[in-house]
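One structure below.
The values are calculated or read from the model by the stated rules, or taken from the named source; none is laboratory data. All values reported here derive from a predicted model rather than from experimental measurement. Cβ sites come from the backbone with ideal geometry, for glycine too, and all protein chains shown count toward neighbours. Remember, those area values only see protein heavy atoms, side chains included, never the ligands or the DNA or RNA. Shrake-Rupley method; radii C 1.70, N 1.55, O 1.52, S 1.80 Å.
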Amino acid sequence: MVDEDLNSLAEAHSVSTHYVDWRGHETAVSRDTLVAVLAALGVDASTPAAVRDGLARLHARERAAPGPQAAPGPQAAPGPQAAPGAPAAPERLPPSPRAWGFTAQLYSVRSGASWGMGDLRDLADLASWSGRLGAGFVLVNPLHATEPAPPVGPSPYSPMSRRFASPLYLRVEDVAEYDALPALERERVARLAATAGERDEIIDRDAVWTAKREALELLYGLPRSGARQQAYERFREREGTPLTAFATWCALAEEHGTDWRRWPAGLRDADGPAVGMAAERLAGRVGFHTWLQWQLDEQLARAQEAARGAGMPIGIVHDLAVGVSQGSADAWMYRPMFAPGMSVGAPPDEFNQRGQDWGQPPWHPERLAEAGYAPFREMLAAALRHGGGLRLDHAMQVSRLWWVPEGRSPAEGTYVSYDRNALLACLVDEAARTGAVIIGEDLGTVEPGMREDLARRGILGTSLLWFERGGDGRPLGPDRWRELSLATVGTHDMPPITGILHGDHLDLRDRLGLLTRPLETEEAEHRRLLADWLDLLHAEGLLPVPPATVMKALGQGSAEYDQQVVAALHGFLARTPARLIGISLADAVGERRTQNQPGTTDEYPNWRVPLADAEGDPVHLGDLPGHRRIEAAIEPLRDWR
């Protein structure tokens with residue numbers, strides 16, 4: 001009876017007591033997990049008496065509530081009030097144009113002028129070049145704000161803020177005031193650019209930011225023209241209190257470290273008097289970090305302008321991470337909005353059999369709703385301001401999240417639900433304001449009805465070729481794919497196509513101790529799945545070489561047919577009804593290394609791998625035009641619409 005009461009209390013607070021795992025098995029959530037998650041929601045379930053009291057309060061609240069009312073429509077989600085006579089928020093986004101585009105980890109795409117990692121000028125140039133090839137968009141990794149002082153975390157998906165961007169991506173020479181820099185100071189900037197350097201084997205964000213920060217401080221100290229100062233003031237007024245709070249966090253983080261939980265007690269309260277006094281003392285640094293965001297706003301705008309100027313119907317598609325780091329600026333600025341003692345992650349699945357803990361605090365569902373979803377809407381508006389689309393990493397972030405109690409393994413978590421209707425209404429409303437395309441990464445374990453709900457709102461899903469298999473485990477033919485989706489071959493958490501062909505992911509996971517089955521078993525299954533895909537490509541007339549011949553060559557370590565398979569896979573995507581097709585730039589140049597290996601930190605150089613070809617030779621932005629591998633990879637899409 002005690003467990004039944006606990007389950008009832010948990011379910012009343014949208015906490016799952018059971019879930020279906022990746023193998024289709026019904027799994028019960030442990031009592032300890034339920035108690036910990038309820039505590040994070042402000043509900044005491046530590047004793048049977050506390051559980052009974054909690055249920056009694058819920059029943060009393062239900063009895064006191066008014067009679068049943070019609071459920072609010074999607075546009076009823078709280079948010080900014082529309083001006084009199086303004087149209088109501090749409091229930092559905094208009095259809096996305098059919099387009100193909102490159103997907104890229106921007107930091108890995110370097111040019112001769114970038115300071116050791118790809119930047120916003122490189123993004124503008126990438127968009128201009130690919131637009132002239134016929135691409136309709138460029139999808140990049142999250143450009144969210146990172147630490148304001150070294151060490152700078154490498155993962156774009158574990159940021160300090162999703163509301164603001166990272167100055168790591170600024171092109172120093174594109175700041176307007178650079179033209180006024182005296183000759184001696186320009187020489188100093190040139191020396192700093194050289195110190196940022198370019199290590200072909202790994203991207204060093206600490207070196208990049210140390211050099212860029214010093215150069216940007218020089219530019220910040222220069223006088224601005226009247227028109228420039230007015231533009232700066234307009235930016236500050238538009239961004240308001242959140243900008244000031246973020247810049248204050250950055251200034252404090254430079255002094256006390258980038259985890260606010262370890263700051264002096266008085267500084268942990270963003271609205272407290274100690275923070276106000278510190279902000280006055282650090283006014284110069286607060287101003288510097290405010291100015292950096294202005295520069296980012298300008299350079300992000302220019303990247304989208306370049307994309308549209310090259311004829312792209314969509315342009316830059318930005319990526320929204322699931323959350324932020326525990327000690328981050330957002331967690332400090334919006335502290336009451338987050339559930340304490342919890343981390344977002346994922347249960348065990350086929351590719352991450354130990355589960356995942358992303359080290360990110362989840363939104364508190366009730367408090368976010370009480371705030372009218374304002375932090376969520378502000379974040380969306382900022383992401384969509386200078387882009388034609390937005391990808392939601394782990395689209396389930398608008399419906400339910402896997403909460404992992406602090407100190408527990410990812411397998412000991414459970415799902416907590418959010419108001420999907422309200423969050424999707426906010427998303428559709430903000431996207432409709434700018435005419436943006438929205439893509440939800442609905443891979444892995446997806447809540448029942450989630451994909452259908454996204455489609456009803458005009459939000460695209462994600463179709464990943466390696467995962468598109470039927471109930472019998474065999475690959476789905478192109479006519480069985482979804483129309484409302486972004487179709488790609490792989491993802492940033494897997495090796496590029498060439499790496500998959502040669503089983504690099506299995507060798508890596510075995511070397512790092514991440515496999516839960518013998519390597520021989522994994523290799524046999526991989527060969528079977530790969531052979532199935534080659535058979536289908538051959539049957540579709542896309543791969544002229546007999547599959548057995550390709551498999552034999554791969555077994556011998558030969559790369560003879562790699563480019564043909566890459567082109568065939570892209571040709572297969574072109575035969576699906578998908579509205580958007582994404583071609584990984586890494587796939588196009590023949591890269592074999594993965595950008596990220598889930599389940600690792602320092603064991604693998606996650607998010608630090610610069611773009612290279614199949615031989616490991618660096619590929620720079622200037623190498624892309626006329627690149628023979630790229631020409632072959634995109635040939636099936638040249639006339640695709």
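Given the peptides 479-486, 620-627, 466-473, 566-573, arrange them by the average over their residues of other C-beta atoms within 10 Å, most packed first.
Descending mean neighbour count gives 566-573, 479-486, 620-627, 466-473.
So for each of 304-316, 53-65 I average, over its residues, the number of other beta carbons within 10 Å; can you give me the resulting order with the highest mean first?
304-316, 53-65
Determine the shape class of the stretch 18-69: with a ≥ b ≥ c the square roots of the Cα gyration tensor eigenvalues, call it rounded for a/c under 1.5, and otherwise prolate if a/b is greater than b/c, oblate otherwise.
Since a/c reaches 1.5 but b/c is at least a/b, the shape of the stretch 18-69 is classed as oblate.
Over the chain, with every protein chain in place, what whole percent of the accessible area is carbon and sulfur at 1.4 Å, could you tell me?
The value for the chain is 51 percent carbon and sulfur by accessible area.
What does the highest-first list of 6-13, 25-32 look like by mean Cβ count within 10 Å?
Highest to lowest by the protection proxy: 6-13, 25-32.
Please give the calculated 222 nm ellipticity per residue for the chain, where each DSSP H segment of at least 4 residues contributes -39500 (n - 2.57) and the sum is spread over every residue; nearest 500 deg cm²/dmol?
Using -39500 (n - 2.57) per qualifying helix, the result is -13000 deg cm²/dmol.
Heavy-atom accessible area per residue, the chain, 1.4 Å probe: how many Å²?
Accessible area per residue: 41 Å².
Which of the GluC sites (Glu not before Pro) found in the stretch 163-239 are in a DSSP loop and have at most 16 neighbouring Cβ atoms, other than their own, within 10 Å?
For GluC sites (Glu not before Pro) across the stretch 163-239 that sit outside H, G, I, E and B with at most 16 neighbouring Cβ atoms in 10 Å, the list reads Glu201.
Which value, in Å² rounded to 10, gives the accessible area of Leu368 with a 1.4 Å probe and all protein chains present?
0
What is the spread of the Cα atoms of the chain along each of their three principal axes, largest first, in whole Å?
71, 69, 53
Just add up the charged neighbours of Leu454: K/R +1, D/E -1, any other residue whose Cβ is under 10 Å from the Cβ of Leu454.
+1
I'd like the distance separating the alpha-carbon centroids of the stretch 165-185 and the stretch 437-492, in whole Å.
After rounding, the separation between the Cα centres reads 42 Å.
Hey, how many Å between the Cα centroid of the stretch 396-429 and the Cα centroid of the stretch 504-551?
Result: 33 Å between the Cα centres.
Would you work out if the stretch 249-407 is rounded, prolate or oblate? Take a ≥ b ≥ c from the square roots of the eigenvalues of the alpha-carbon gyration tensor; rounded if a/c is under 1.5, else prolate when a/b is larger than b/c, oblate otherwise.
Oblate, because a/c is 1.5 or more while a/b does not exceed b/c.
Considering only protein heavy atoms, what is the solvent-accessible area of Glu523 at a probe of 1.4 Å, reported in Å² to the nearest 10?
Counting only protein heavy atoms, Glu523 exposes about 60 Å² to solvent.
With every protein chain present, what accessible area does Met551 have (1.4 Å probe, heavy atoms only), rounded to the nearest 10 Å²?
Its heavy atoms expose roughly 50 Å² to the probe.
May I ask you to give the average projected area over all directions of the convex hull of the Cα atoms of the stretch 109-200, in nm² rounded to one decimal?
Convex hull of Cα atoms, orientation-averaged projection: 7.6 nm².
If you add up the charges near Val189, with Lys and Arg at +1 and Asp and Glu at -1, over every other residue whose beta carbon is less than 14 angstrom from its beta carbon, what do you get?
-2
How many angstrom lie between the C-alpha centres of the stretch 193-241 and the stretch 301-318?
22
Report the relative contact order of the chain, percent, no decimals, based on alpha-carbon pairs under 8 angstrom and at least 6 residues apart.
Relative contact order comes out at 18 percent.
What do you get for trypsin sites (Lys or Arg not before Pro) in the stretch 597-640 restricted to DSSP loop and a cutoff of at most 10 other Cβ within 10 Å of the site's Cβ?
none
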